[in-house]
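Okay, so here's the structure we're looking at.
Just so it is clear, none of the values below were taken in a lab; they were calculated from the coordinates. Quick caveat: nothing in here was measured; it's all calculated off a predicted structure. Please note: Cβ atoms are built from the backbone with ideal geometry, for glycine as well, and neighbour counts cover all protein chains shown.
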Amino acid sequence: MAEETGIVEPKIAEITLNGSLLGTFSAMASRLETLQMFSIKENPGSLVLLSVESRDIQKNPFLFFIITFTQDQVKVQYSIALDSSEKMRRLYVVKNLLSVLSLVTDLYTADVASVYQYVDSVIDDVLGSLSQSYSSLFNNYDSLFSEYREIKRLNIELIAANKNLTVQASQLSNENKDLKSRLESLETYSDESLMVMIEDWIDSHSDTVDVIEFAKTYRLTAPRVEQVLNKMVSMGYIELKG
């Protein structure tokens, strides 16, 4: 029928484990009804959990798995898409089976030895199917991820440092503007004003003037003071000695 309608049906596989009912199926159903991925149905002598992951164009279940609990057995039937990995699909189903069993350990127990052996077989199959190129890719990813975390850490530190530098640059800029403003205001002394200031200085310093000290005291530049001194000498206001 599937070939006539053009519908490609998935493969069906099955897992069977020995088990033992410790409580009641009703109690199990109440416990598991919180799992939204399952539809739960209690039958005489069994409890059935159905998870439908996708449907075909006729709305029939395509990807699904069914967990059936009986008094002494756990059976899982699941579908496998033809273009997917059977081993990865089985691993996914077993993972969900173990999750269900972990929720009802006091009501139902699966044979521990069988579970361990089956899980070991599933993991071994998956690991054995990983190619060397995949392993290399994973190792490269792990290495790159470590580098990414280190670069991210450095980036955070650089952002913080950049903020500090920005603040410092702003402070220095404001200080520079202030100094420039002060310098401009000091340079507004006229030659006549400076001549009077120099004469007062000479009178109070035994007829001498230390250019550097004078400039420092009045926050002037030495060349500016020397310029006015030369002018005063040329005009005969003061005389050079020695």
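Quick one: how many lysine pairs in the chain have C-alpha atoms under 29 angstrom apart, if they're 8 or more apart or on different chains?
Here the count comes out as 24.
Given only helices, namely DSSP H runs of n ≥ 4 each adding -39500 (n - 2.57), what is the per-residue ellipticity at 222 nm of the chain, to the nearest 500 deg cm²/dmol?
After summing the helix terms and dividing by residue count, I get -19000 deg cm²/dmol.
Show me the GluC sites (Glu not before Pro) within region 158-242 that DSSP assigns to loop and that have at most 14 other Cβ atoms within 10 Å of their Cβ.
Taking region 158-242 and a limit of 14 other Cβ atoms within 10 Å, the loop GluC sites (Glu not before Pro) found are GLU187, GLU239.
Test of the criteria: in region 7-74, which trypsin sites (Lys or Arg not before Pro) are in a DSSP loop and have at most 13 other Cβ atoms within 10 angstrom of their Cβ?
Those satisfying the criteria are LYS59.
Short version: ³J(HN,Hα) in whole Hz for each residue of region 40-51, in order, from phi by Karplus 6.51 cos²θ - 1.76 cosθ + 1.60 (θ = phi - 60°), x for Gly and Pro, what are they?
10, 9, 9, 10, x, x, 7, 10, 10, 10, 10, 10
Can you tell me which of VAL76, VAL196, VAL122 moves the most in a GNM of the chain? Springs connect C-alpha atoms under 10 Å apart.
VAL196
What does the convex hull of the alpha-carbon atoms of region 185-234 project to on average, in nm²?
Computing the convex hull of the Cα atoms and averaging its projections yields 3.1 nm².
Calculate how steeply helix 191-204 sits against the longest principal axis of the alpha-carbon atoms of the chain, using the helix alpha-carbon long axis, and give the answer as 0 to 90 degrees to the nearest 10.
Tilt relative to the chain: about 70 degrees.
Output the relative contact order of region 7-130, whole-number percent, from Cα pairs under 8 angstrom with separation of 6+ residues.
32 percent
If you take semi-axes √(5λ) of the Cα gyration tensor in Å from the coordinates, which of (i) 30, 20, 16; (ii) 26, 22, 18; (iii) 98, 21, 18 do you get?
(iii)
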